[in-house]
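A short write-up of the structure that comes next.
The values are calculated or read from the model by the stated rules, or taken from the named source; none is laboratory data. Keep in mind that what you see is a predicted model, and the values were worked out from it rather than measured. No Cβ is skipped: glycine too gets one built from the backbone with ideal geometry, and neighbour counts run over all protein chains shown. SASA here: full protein model, heavy atoms, side chains in, ligands and nucleic acids out. Shrake-Rupley method; radii C 1.70, N 1.55, O 1.52, S 1.80 Å.
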Amino acid sequence: MTVESTLETVFRMESARIVATAARIVRDVGIAEEIAQDALLAALEQWPRSGVPERPGAWLTATAKHRAVDLVRRRETYARKLAEVGRTLTEESYDPEPAGPGDIDDDVLRLIFTACHPVLSAEARAALTLRLVGGLRTDEIARAFLVPEATVAARITRAKRTLAKAGVDFEVPYGEERAARLGSVLEVVYLIFNEGYAATAGDDLLRPGLCEDALRLARVLAALVPEEGEAQGLAALLELQASRAAARTGPDGRPVLLAAQDRRRWNRLMVRRGFAALERAGDGRSYGPYALQAAIAACHARAASYEETDWTTIAALYRQLGTLAPSPVVELNRAVAVSMAEGPAAALPIVDALAAEAALTRYHLLPSVRGDLLARLGRAAEARAEFERAAGLTRNESERALLREKARELGGG
C-alpha cells in the first residue's frame, strides 16, 4: 500500500476526531474542517519523506490541534480560549486514544450535536454531519439522500456559515434542548451506519470504520437517554445489522446475499445486545421507525435458516413502518417480504407501482428486486435486462459484479 493510499484510509477513519478536536479549540466547524484539510496536506508533504508514523491518526489529530492553537493565538484571545478548553495544549503532545463507548464527554458526540443544531434545516443537519463525522464526500452524501450533488454541496456550505453566524456552542446540550436535537442526531447516526453497511461507491461492499463509529455513537446515545424508545430502537437495529457483517462477504470480498449467508458467522453477542435494546425500546404498539426496523432485523436473527424466516410478520412490520414513515424504499422492502410470504406474483405489482417514483429513478435496488421477481416467475429475458440496468446504476464494484453475474446466469453471455 502506498503512502498516499494509507493516508487516504487513515483520514477517512479519523476525520471525525480530527475535525472535532479542532472544533473544540476554534469553536467553528467550518474552520475546523479547513484545519483538518491542512493537516492532510501536511501529511502528504511529510510522510513520503519521513515514512508513515506509528500512530498516523494521532499524528493528523495533533497536527490539526497545533494549527488550531496557532490560529487562536493569532486572534489575540489565546489565554481566554485556553481557559475554555480547560487544559494546556502543548506542541509535543498527542491526543489521547479514542474514548470508550460509555464515555459521553466525547468530542465526536459534541460535533454531532453541534452539527444537528435546530438553527439548521433537517436536511442540512444530516448532510453536514455525514461530511464532518462520517468523512463522506459530497457525491456519497448525495447518493445517500438520492438528491443532486450540487444540492448537497450548497446545503453543507450554508450550514457551516449558519452555525458560525449563530455562534453555536460546541457542546452536548441538556434538558429540552437535547430532546429537540435528538431526532436529527439519531437520523445522522443511522445514515452513517447505512453508508458503512452498504457503501455507495468504491470496490468494497462494506466500510467497517463507519459502521463501528455509528454503532459506538448509537450505544452512547442509548446510555445518554435510556428513557427514549427510539434511541434504544436505533441501538437495537445497528447491533442486529452489524451482527451479520462477517457473513456478508466471501473470502474474495464478493457480497453474500442473506439467503446464502452462514448464520453461524453472525455475531451472537451483538444479536443478544440487539434483543436487549429492543426490549428497552418498549412494546410493539409504541415502536417508532427505528424500533420497527429493529423488530424486522430481529425476525431474521431469530430464524435458524432463511427458509424458516417469518416473512408474514416482516411484511406486516414493513406495512406498519410505511404508515408511520412513508418511503418508496420501505415499500420496496415490503414488496420483497410479500414475495417471500405470498410469492413473486403478489409482489410484482407493488414493485411496478414504484417505477413512477422520482426518488427511485437512479436507485439500483429497484431493478434488482424486479429482476429477482421476474426470474422467479420464469421471465428470464426481462429479468436479465433488469439486472443489467441495476448493474449500470450502482457505483459499488462488488454489487455491480454480483448483478452482472446474475444476468449471465440467465443466459446473458
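Model label points for Glu307 and Asp352, set 7 angstrom from Cα along the Cα-to-Cβ axis, are 3.1 nm apart. Available extension along the chain between Phe275 and Leu258 is 4.2 nm, counting 0.36 nm per residue and deducting the alpha carbon span.
Counting only protein heavy atoms and a probe of 1.4 Å, the accessible surface of the range 282-413 is 52% carbon and sulfur.
Taking a point 7 Å from the Cα of Arg178 along the Cα-to-Cβ direction, the residues of the range 218-247 with backbone N closer than 20 Å to it are 218-236. The Stokes-Einstein estimate for the range 138-293, based on a Kirkwood radius over Cα pairs and taken at 20 °C with 1.002 mPa s viscosity, is a diffusion coefficient of 125 µm²/s. Pairs of Lys residues in the chain are counted when their Cα atoms are under 28 angstrom apart and they lie 8 or more places apart or on different chains; the count is 5.
Placing a label point 7 Å from the Cα of Thr157 along the Cα-to-Cβ direction, the residues of the range 105-123 with a backbone N closer than 19 Å are 120-121, 123. Taking a ≥ b ≥ c as the square roots of the eigenvalues of the Cα gyration tensor, the range 260-359 is classed as oblate, since a/c reaches at least 1.5 and a/b does not exceed b/c. What's the center-to-center distance, using Cα atoms, between the range 312-327 and the range 117-185 in Å? The range 312-327 and the range 117-185 have Cα centres spaced 28 Å from each other.
Over the chain, dividing the summed -39,500 (n - 2.57) contributions of all DSSP H runs of at least 4 residues by the number of residues returns a 222 nm mean residue ellipticity of -21500 deg cm²/dmol.
Using only the heavy atoms of the protein chains and a 1.4 Å probe, how would Trp266, Trp59 rank by accessible area, largest first? Intermediate values should be presented prior to the final figure.
Working: Trp266 10, Trp59 40 Å².
Final ranking, largest accessible area leading: Trp59, Trp266.
Treating each Cα of the chain as one equal point scatterer and applying the Debye formula with no solvent, the log10 of I(q)/I(0) at q = 0.10, 0.11 Å⁻¹ comes out as -0.73, -0.88. The coefficient of translational diffusion for the range 317-413, derived via Stokes-Einstein from the alpha carbon Kirkwood radius under 4 °C and 1.567 mPa s, stands at 95 µm²/s. In terms of packing, defined here as the mean over residues of other Cβ atoms within 10 angstrom, the peptides 122-134, 61-73, 154-166 line up highest first as 122-134, 61-73, 154-166. Averaged per residue, the chain has 46 square angstrom of accessible surface, using a 1.4 angstrom probe with ligands and nucleic acids left out. Is the shape of the range 364-409 rounded, prolate or oblate, going by the alpha carbon gyration tensor and its root eigenvalues a ≥ b ≥ c, with a/c under 1.5 for rounded and a/b larger than b/c for prolate? It is prolate, given that a/c is not under 1.5 and a/b is the larger ratio. In terms of packing, defined here as the mean over residues of other Cβ atoms within 10 angstrom, the peptides 253-259, 371-377 line up highest first as 371-377, 253-259. Going by a ≥ b ≥ c, the root eigenvalues of the Cα gyration tensor, does the range 241-290 fall in the rounded group (a/c under 1.5), the prolate group (a/b larger than b/c) or the oblate group? Since a/c reaches 1.5 and a/b is larger than b/c, the shape of the range 241-290 is classed as prolate.
Sorted on the mean count of surrounding Cβ atoms within 10 Å across their residues, most packed first, peptides 213-221, 356-364 read 213-221, 356-364.
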